[in-house]
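Beneath this line is the structure, given in structure tokens, with notes to follow.
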Amino acid sequence: MLKSVGCGEIRASDAGKDVKLAGWVHRRRDHGGLIFIDLRDRSGIVQVVLNPRESPEAHETATQFRNEWVVQVEGQVGSRPAGTENPDLPTGEIEVNAQAAQVLNPSLTPPFYVNEDSEVEEGLRLKHRYLDLRRQRLQRNIALRHRVVKYIRDFLDAEEFLEIETPVLIKSTPEGARDYLVPSRVHPGTFYALPQSPQQLKQLLMVSGFERYFQIARCFRDEDQRADRQPEFTQLDLEMSFVDEDDVLDLTETLFTGLAETVTPDMGFAKPFPRLTYAESMSRYGTDKPDLRFGLELEELTEVVKDSGFKVFQSVAASGGTIKGLRAPGCADYTRRQLDGLTEFARERGAKGLVTIMLEGEPDSAGRWEADNVKSAVTRHLSGEELNGIIHGLKGETGDLLMIVAGDEKTTNAALSALRNEMGQRLGLADPEKLAFLFVIDFPLVEWNEDSGRWDSTHHPFTSPREEDLGLMETDPGKVRARCYDMVCNGQELASGSIRIHNRELQQKVFQLLDYDADEAQARFGHLLEAFEYGAPPHGGIAPGIDRLVAILAGEESIREVIAFPKNQSAIDVMTDAPAPVSSQQLKDLHLRVTED
């Protein structure tokens, strides 16, 4: 063995022991003849001292050492001289006095500093990802990911789930995003698809009688990239038979409660997890993935100002739109430039404008505000009752900035939700050391797609509608509630799931609503429809995203920071330069031709 102990594992109790160490030179310092090496491996860093009087050969070898060289040393553990201890390191009380040293492999000068967490252009980091992964932050993130997945596996094994692998080469079926297609050589003109999720396969496992299945599943979606998306990603896929919504949500909450308490014990969170209906979440926060680490709820103002002299409010209310607002505590001193910035922020998210009211003065003893005590361009158009209705409706206090958006409900909610998150960040209301889990339930089964002129599934086409709403499927589909649910954490959707359809007749009815004709449904989903005729049990599940979960626990904004070898925002692996052209012979074997357009 080239090493007998990890660099970061040595403690004061090991003083006097002989050790073998191997790793990377983190830093090298020459001090009056003595050479000090900070030696790093996966377990941490330890200081190694090379004294020319005690070990001249080892000292001579160490004169060659440079950062990121792979080296091995042998020596004795000793206590650091008084006053030289390093309280920031677990090994800070000791050092290793080297008697032997050798170079295992030299290194070129890295294109960026590996031994510090300095800002480096992401493209350069991804090009040399094997170096980036040596950095301590990335090492911690990947180790955290390991612990998360291990906890999940151990928990579900104890709950009598079976881990079952499903195919990576499957049939292409519509599930909301573009498929990655794989041409077949032996069946010319036909294609496999990489799974967007194992949705149909896990349902078939329930039909197969396994009852409790899970998988740490690789999934693939050909969609535009952003901070929380990758072409390939990992999710916990979980399915259960003979369950309802509460069974799935209760098990999920138990899993994530134990996971957070075990893996990140210093991150506080509330339990039990709140449960909001979709309608309630949209009304209070303007989004189905609210960040509950802070308040600043949206308030409805339409009835208060529908008859006001302000033409914008009048016209929006008359056309069936909505007027809503929120308060930003302590922001009444915002400058005109800052207010203009907020207005532009709202416009970029679809709003036609932003009404602001600054509460600079004090209300009278009865709690009423006069126009002289507020600053706004719209007060001259509002009666005293309307002004006070707005202030009291938004729970305004002295020093607050009130922000109001008027328009159609979807756009108003989107703009105010974004403003809420922006102000929460600016005011430091979202504690990065806290987790705020919640479940959002009772989503609409379908939503109308103006571009295609048809209904689309809100979740996916295998989601069961609520039984009491079945009568609305033909008369008013938009009001049908689905038996689906999301788990949200810190303003990010962390998981989606549902109780599935397990009856062929109902599944065909949903396909018809989604405008699949009978032949198309049979061609794409015939295997599933047939399976439902052989005693399919009631079943449901959920699929939390592993990448997003680990990123939240690690305090990272991008899931690329918790994936060993991610793609960039253009879906390119810049380290291996993929995707890349293939030879003409490979294309010929696959019966493919590349065209110019």
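The values are calculated or read from the model by the stated rules, or taken from the named source; none is laboratory data. This structure is a prediction, so every number in the text was calculated from the model and none was measured. Neighbour counts run over all protein chains shown; Cβ positions are idealised from the backbone, glycine included. Protein only, heavy atoms only, side chains kept; ligands, DNA and RNA dropped before computing areas. Shrake-Rupley method; radii C 1.70, N 1.55, O 1.52, S 1.80 Å.
Which one of these is crowded, with 16+ Cβ neighbours inside 10 Å and out of contact with any helix residue (DSSP H, G or I) (no Cβ under 6 Å at 6 or more places or on another chain): Leu156, Leu181, Leu169?
Leu156
Out of the residues in segment 73-99 that are open to solvent by less than 10 Å² (accessible area, probe 1.4 Å) and touching a Ser or Thr at 6+ places or on another chain (Cβ under 7 Å), which is farthest from Ile35 (Cα to Cα)?
Ile94
Which one is nearest to Ala270 (Cα to Cα), of the residues in segment 428-444 that are of a type in the set (Gly, Ala, Ser) and in contact (Cβ under 8 Å) with a residue 12 or more places away in the chain?
Result: Ala436.
Ala270 passes all but one of (1) at pLDDT 95 or above; (2) over 23 Å from Leu162 (Cα atoms); which number fails?
Going through (1) at pLDDT 95 or above; (2) over 23 Å from Leu162 (Cα atoms) one by one, Ala270 breaks only (1).
Of the conditions (1) in contact with a His (Cβ under 8 Å, 6 or more places away or on another chain); (2) closer than 30 Å to Thr254 by Cβ; (3) part of a loop (DSSP other than H, G, I, E, B), Asp228 satisfies every one except a single condition; which number is it?
So the condition that Asp228 fails would be (1).
Check segment 169-186 and report whether any residue there is in a loop (DSSP other than H, G, I, E, B), small (Gly, Ala, Ser), touching an Asp or Glu at 6+ places or on another chain (Cβ under 6 Å) and at pLDDT below 95.
Checked segment 169-186: at least one residue is in a loop (DSSP other than H, G, I, E, B), small (Gly, Ala, Ser), touching an Asp or Glu at 6+ places or on another chain (Cβ under 6 Å) and at pLDDT below 95.
Within segment 379-417, track down each residue that is of a type in the set (Gly, Ala, Ser), assigned to a helix (DSSP H, G or I) and in contact (Cβ under 8 Å) with a residue 24 or more places away in the chain.
The answer is Gly389, Gly393, Ala414, Ala415, Ser417.
Report those strands (runs of 3 or more DSSP E) wholly inside segment 6-56 carrying at least 3 residues which are open to solvent by less than 10 Å² (accessible area, probe 1.4 Å), among the aliphatic types (A, V, I, L, M) and under 27 Å from Glu116 (Cβ atoms).
Because the criterion is at least 3 residues that are open to solvent by less than 10 Å² (accessible area, probe 1.4 Å), among the aliphatic types (A, V, I, L, M) and under 27 Å from Glu116 (Cβ atoms), the strands (runs of 3 or more DSSP E) in segment 6-56 that meet it are 34-41, 44-50.
On the given criteria, is Glu93 out of contact with any helix residue (DSSP H, G or I) (no Cβ under 7 Å at 6 or more places or on another chain) and among the charged types (D, E, K, R)?
no
Being surrounded by 16 or more Cβ atoms within 10 Å (Cβ to Cβ), in contact with an Asp or Glu (Cβ under 9 Å, 6 or more places away or on another chain) and of a type in the set (A, V, I, L, M, F, W, C) narrows it down to one of Ala406, Ala328, Ala351, Ala346, so name that one.
Ala328
Would you confirm whether or not segment 570-588 contains a residue that is buried (at least 18 other Cβ atoms within 10 Å of the Cβ), at pLDDT 95 or above and within 30 Å of Thr264 (Cβ to Cβ)?
no
Kindly indicate whether Thr84 is more than 30 Å from Leu549 (Cβ to Cβ), out of contact with any helix residue (DSSP H, G or I) (no Cβ under 6 Å at 6 or more places or on another chain) and in contact (Cβ under 8 Å) with a residue 24 or more places away in the chain.
no
Restricting the first residue to segment 445-471 and requiring it to be open to solvent by 50 Å² or more (accessible area, probe 1.4 Å), which pairs with a second residue that is of a type in the set (D, E, K, R) and assigned to a loop (DSSP other than H, G, I, E, B) meet a Cβ separation below 6 Å and a spacing of at least six or different chains?
Arg454/Asp515; Arg466/Arg483
Among (1) free of Cβ contacts under 8 Å to residues at least 60 places away in the same chain; (2) open to solvent by 30 Å² or more (accessible area, probe 1.4 Å), there is one condition Tyr334 misses while meeting the rest; what is its number?
All conditions pass for Tyr334, except number (1).
Restricting attention to segment 482-527, and to residues there that are in a strand (DSSP E or B) and either at positive phi or free of Cβ contacts under 8 Å to residues at least 60 places away in the same chain (or both), which single residue is most open to solvent (accessible area, probe 1.4 Å)?
Ser496
Mind checking which residues of segment 232-277 are charged (D, E, K, R), open to solvent by 20 Å² or more (accessible area, probe 1.4 Å) and more than 16 Å from Ala436 (Cα to Cα)?
Glu232, Asp244, Glu245, Asp246, Asp247, Asp250
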